[in-house]
Amino acid sequence: MANSTPSDLIRLAVPNKGRISVPIMDLLEKSGLHLAESGERKLIIKTLDPGVEILFARPIDIPAYVENGAADLGITGHDMVRERKAAVDEVLDLQFGKARLVLAVMEDSPIHQVADLKGARIATEFPIITETFFAEQGIAVTIVPVAGACELTPHLGVADAIVDLTSSGTTMKTNNLRIIEEILVTSTQVIANRTARQQKADKINEVLLALESVIRARGQCYLMMNVQRSSLADVKKTLPGLSGPTVMEVASSEDLVAVHAVVDEHCVYQLINQLKLAGARDILVMAIERMIR
């Protein structure tokens, strides 16, 4: 029988460990979902929002927990959702934990395409995705499930090829592996139970808005400056803001206006000097934690 949370409570399942655990907890804190208590060994922890609690679970288990209603929302990789074949909705891409699930062989292997792997042994931590991929290709292989260090299996003679995650490809090259096929692209997703998404729509949308506001703010800065009215046109031409700068009157005898704008963080270094040359002064650069449209 599927578990369920009370009708007035949202349970959010997050990874208890792993590469995406730290950025997820940072995201929750910045979004305002502060943990109301500490305790690394606790499985369920309340937040300062009485309507939201956090369930800590293994990333691979989160899709199943969300599917069966033990959690209303979950945060895990798209690859985990695919591996579990979970009937859930992916409702928000958090845009981190990006990686590719690839098929790779030894650098000196005579294998150069998927068809060459007929009858081969494939080591992977993703047996369901791998089996599905080869079945769709019409190629019979033997799946060798492993729990880690997948890239070592060809060197040990355990497998002829591997299906594994890679971010930059560096680990593959370091282990003398050559990628021959990309199976899927993954990133960290917020997933939702389909029934809860309808029955608890208001609260779920509230949580999603809080999380999305932090994601939108990433890589953005808030600029504030004073500008002589005669230089305003030049300053406005210089600013690459999201939807144009905000201009406000300043109580000053110098005929100044205040100009505020949101800009990409990577532009700020050169932009400050350009604004100064255009006539801006008293320039302030501030970080943005949340941005809601």
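Here ASP116 does not qualify as open to solvent by less than 10 Å² (accessible area, probe 1.4 Å) and either within 30 Å of SER213 (Cα to Cα) or in a helix (DSSP H, G or I) (or both). When the residues of the range 279-293 are filtered to those that are in contact with a helix residue (DSSP H, G or I) (Cβ under 6 Å, 6 or more places away or on another chain) and outside any strand (DSSP E or B), the one that is most open to solvent (accessible area, probe 1.4 Å) is GLU289. Scanning the range 176-195 for residues that are open to solvent by 20 Å² or more (accessible area, probe 1.4 Å), closer than 29 Å to ASP93 by Cβ, free of Cβ contacts under 8 Å to residues at least 60 places away in the same chain and not polar (S, T, N, Q) turns up nothing.
If you check ILE122, ILE128, ILE139 for being part of a loop (DSSP other than H, G, I, E, B), touching a helix residue (DSSP H, G or I) at 6+ places or on another chain (Cβ under 8 Å), of a type in the set (Val, Ile, Thr) and on the phi < 0 side of the Ramachandran plot, only one passes: ILE139. Taken over the range 109-141, the criterion of being free of Cβ contacts under 8 Å to residues at least 24 places away in the same chain and under 15 Å from LEU177 (Cβ atoms) is satisfied by PRO110 alone.
Screening GLN270 against (1) in a strand (DSSP E or B); (2) open to solvent by 40 Å² or more (accessible area, probe 1.4 Å) leaves a single unmet condition, (1).
Here GLY69 fulfils each of the conditions (1) part of a strand (DSSP E or B); (2) more than 17 Å from the chain's Cα centre (by Cα) apart from (1). Could you list, in sequence order, the residues of the range 159-175 that are among the acidic types (Asp, Glu) and within 27 Å of LEU92 (Cα to Cα)? If the condition is that a residue be among the acidic types (Asp, Glu) and within 27 Å of LEU92 (Cα to Cα), then ASP164 is the only one that fits. For the range 244-264, check the following and say yes or no: at least one residue is surrounded by fewer than 18 Cβ atoms within 10 Å (Cβ to Cβ), within 20 Å of the chain's Cα centre (by Cα) and not small (Gly, Ala, Ser). Yes, some residue in the range 244-264 is surrounded by fewer than 18 Cβ atoms within 10 Å (Cβ to Cβ), within 20 Å of the chain's Cα centre (by Cα) and not small (Gly, Ala, Ser). Filtering the range 9-22 to residues that are open to solvent by less than 40 Å² (accessible area, probe 1.4 Å) and outside any strand (DSSP E or B) leaves LEU9, ILE20, SER21.
For the range 142-170, a residue qualifies if it is part of a helix (DSSP H, G or I), open to solvent by 40 Å² or more (accessible area, probe 1.4 Å) and touching a residue at least 24 places away in the same chain (Cβ under 8 Å), and exactly one does: GLU151.
The values are calculated or read from the model by the stated rules, or taken from the named source; none is laboratory data. Small disclaimer: the values here were computed from a predicted structure and weren't measured. Glycine also receives a Cβ, built like all others from the backbone with ideal geometry; neighbour counts cover every protein chain displayed. Areas reflect the complete protein model, heavy atoms only, side chains present, ligands, DNA and RNA absent. Shrake-Rupley method; radii C 1.70, N 1.55, O 1.52, S 1.80 Å.
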